[in-house]
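Colleague: First, the structure itself, so that you have it in front of you.
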Amino acid sequence: DFAGERYYFSDNSNGLFISSFDPTAGINRDYERKNFSFHISEFSRGKIVVDYHIENTDFGKVSVFDITGRKVYHKDLYFRIADSHFELRENFASGIYFVFIEFGGKTEIAKTNIVK
């Protein structure tokens, strides 16, 4: 356990990979050395708050999809080292959403639940 998450290590023909299992979100992520990291709260009240840490200032994209796969939000953003978070204050209805964040040639996906 590290910071409340369990990590699983496995050795395959391509080398070592690290994965975690989050039973509430159900999304497995492969971890590798990255120049960025993002965190989105599992539950939120009407807005989505994205906390991030980056090593280089650069442009990125944020897209939000509802449970049916419909894109409900998209924005090109400028991620600055000086900042550490941003808020999506759209009028999201209660439900499950998937947040895709593209930065530095990689995409991170997180699940959040909006409860009003």
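The values are calculated or read from the model by the stated rules, or taken from the named source; none is laboratory data. This structure is a prediction, so every number in the text was calculated from the model and none was measured. All Cβ positions, glycine included, derive from the backbone under ideal geometry; neighbour counts span all protein chains shown.
Colleague: In this structure, is T112 part of a strand (DSSP E or B) and within 13 Å of F36 (Cα to Cα)? Before you say what the answer is, go through the steps one by one.
Modeller: Details: part of a strand (DSSP E or B): yes; within 13 Å of F36 (Cα to Cα): no.
Taking the combined requirement at face value, the residue does not satisfy it.
Colleague: For residues that are modelled with pLDDT under 90 and over 15 Å from H39 (Cβ atoms), tally how many sit in the stretch 93-109.
Modeller: So in the stretch 93-109, the residues modelled with pLDDT under 90 come out as 103-108.
Narrowing further to those that are over 15 Å from H39 (Cβ atoms): 104-107.
The number of residues fulfilling the criteria is 4.
Colleague: Quick check on my filter: what residues within the stretch 98-108 are assigned to a strand (DSSP E or B) and either free of Cβ contacts under 8 Å to residues at least 12 places away in the same chain or loosely packed, with under 14 Cβ neighbours inside 10 Å (or both)?
Modeller: Going residue by residue through the stretch 98-108, those that are assigned to a strand (DSSP E or B) are 98-103, 106-108.
Listed by number, the residues that qualify are K106, T107.
Colleague: Filter the stretch 73-97 for residues that are surrounded by 15 or more Cβ atoms within 10 Å (Cβ to Cβ) and part of a strand (DSSP E or B) and give the result. Walk me through it before giving the result.
Modeller: Initially, the stretch 73-97 is screened for residues surrounded by 15 or more Cβ atoms within 10 Å (Cβ to Cβ), giving 73, 77, 79, 86, 88, 92, 97.
If the condition is that a residue be surrounded by 15 or more Cβ atoms within 10 Å (Cβ to Cβ) and part of a strand (DSSP E or B), then Y73, L77, F79, F86, L88, Y97 are the ones that fit.
Colleague: With the requirement that a residue be within 16 Å of G60 (Cβ to Cβ) and of a type in the set (S, T, Y), what does the stretch 77-109 give you? Can you show your working first?
Modeller: Here is the first cut: in the stretch 77-109, the ones within 16 Å of G60 (Cβ to Cβ) are 77-88, 99-109.
Matches in the stretch 77-109: Y78, S84, T107.
Colleague: Given Y78, Y97, which one is over 19 Å from G46 (Cα atoms) and touching a Ser or Thr at 6+ places or on another chain (Cβ under 9 Å)? Outline the logic, then answer.
Modeller: Working: Y97 fails: over 19 Å from G46 (Cα atoms).
On inspection, the qualifying residue turns out to be Y78.
Colleague: For D66, are the conditions met, namely being at pLDDT 90 or above and under 25 Å from N113 (Cβ atoms)? Steps first, answer last, please.
Modeller: Values: at pLDDT 90 or above: yes; under 25 Å from N113 (Cβ atoms): yes.
Yes, satisfied.
Colleague: Okay, next question. List every residue pair whose Cβ atoms sit under 8 Å apart, with the two residues 6 or more apart in sequence or on different chains, where the first one lies in the stretch 67-79 and is touching a residue at least 60 places away in the same chain (Cβ under 8 Å) and over 14 Å from G95 (Cα atoms) and the second, anywhere, is among the charged types (D, E, K, R) and surrounded by 10 or more Cβ atoms within 10 Å (Cβ to Cβ).
Modeller: Every condition considered, no pair remains.
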